[in-house]
Amino acid sequence: MPTDNKRVRGPEVSQSPSLFLCKPAVVVPPPCGPRPDGRQRDQVDVRAVFVRCGLVSQAKGSAYIEAGDTKLMCCVYGPKETERKDETDMKCGRLTTDMRFAPFSCPERGSWIQGSQDKDFSLMLHESLQPAVCLHKYPRSQIEVNVMVLENSGSVLAHAVTCASLALADAGIEMYDLVLGCSIRQDGGSYVVDPSYTEQNGCSSVRSENQGNLTVAFLPSLNQISGLQSDGEMTEETLAAGVRTCIEGCYKLYPVIQQALAKSVRRAAPPPSES
């Protein structure tokens, strides 16, 4: 059988280079004292946020949010005609959400194919945004919300909710209120607000019944909760206290989002006419 002379043949006995890589040890911060980034525990201490609207010219509305090392981009398309006629509603529109992680966003490289985590986050994002959008204003129409996580440094779902809400407002979609997200990590009797990737996924050596993550989507002007997602084991009192803490974190974020949206409106406004 003729051999392929153009193909570079590897050695017959070889090992994968990944076997020789030294994975960095996950350092779990102690449940007391300041956090690695200098923020305080058991306080509503969120990361500094940078927000910008209207960065993607091809989309009807777009937003970019950066909280610490967590970076997300959201684009909104529509309202437009629904793709499938059997899904057309004559009385209200349809909201679709799609949230994906870039392959380079996490410490371990992922795939472009949407996995189970992406689908779960897309469903949670849809449940958080749908109560705030006036879908009855857009009958027989479809509004698409696409979120791309560029870098995952913790609390991606909460910041995705905020970024998507800002992109919807930038697109001119009628809404009852903006939707803001906030997350906490409960570790025994202590908690951290807006946890980082290590704090959110690290396992504490202290075993307690109050351990888990909580994410709340909140409408600040209406004072209503549109979405809640939690995992782990937490008592009813701890869960209620965590919801109140997340609401307080959303109120801290509200002026920053309002200011970014106002700047976007002023940039898009036509210049005053000279009479």
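The values are calculated or read from the model by the stated rules, or taken from the named source; none is laboratory data. The structure displayed is predicted, hence computed values, not measured ones. No Cβ is skipped: glycine too gets one built from the backbone with ideal geometry, and neighbour counts run over all protein chains shown. Ligands, DNA and RNA are stripped out before the accessible areas are found, and what is left, the full protein with its side chains, is counted by its heavy atoms. Shrake-Rupley method; radii C 1.70, N 1.55, O 1.52, S 1.80 Å.
Quick note on the range 44-265: its Rg to Rh ratio, both from C-alpha atoms and Rh being the Kirkwood radius, is 0.97. The simple spin-label model puts a point 7 Å past each Cα toward its Cβ; for residue 113 and residue 48 those points are separated by 4.1 nm.
Packing-based ranking of 97-105, 180-188 yields 180-188, 97-105, ordered from highest to lowest mean Cβ neighbour count within 10 Å. Taking the 1.4 Å solvent-accessible surface of the range 231-275 as the whole, the part contributed by carbon and sulfur is 56%. As a fraction of the 1.4 Å probe accessible area of the range 30-126, surface on carbon and sulfur atoms comes out at 53 percent.
Structure shown: which of 80/252; 60/85; 119/252; 85/263; 85/252 lie over 32 Å apart, alpha-carbon to alpha-carbon?
On the way: 80/252 35 Å; 60/85 23 Å; 119/252 29 Å; 85/263 38 Å; 85/252 43 Å.
From the list (80/252; 60/85; 119/252; 85/263; 85/252), the Cα-Cα distance tops 32 Å for 80/252; 85/263; 85/252.
Rolling a 1.4 angstrom probe over the protein heavy atoms with all chains in place gives the range 44-265 an accessible area of 47 Å² per residue. Of all aspartates and glutamates in the structure, those lying under 16 Å Cα to Cα from residue 137, and not within fewer than 8 positions of it along the same chain, are 81, 89, 174, 177.
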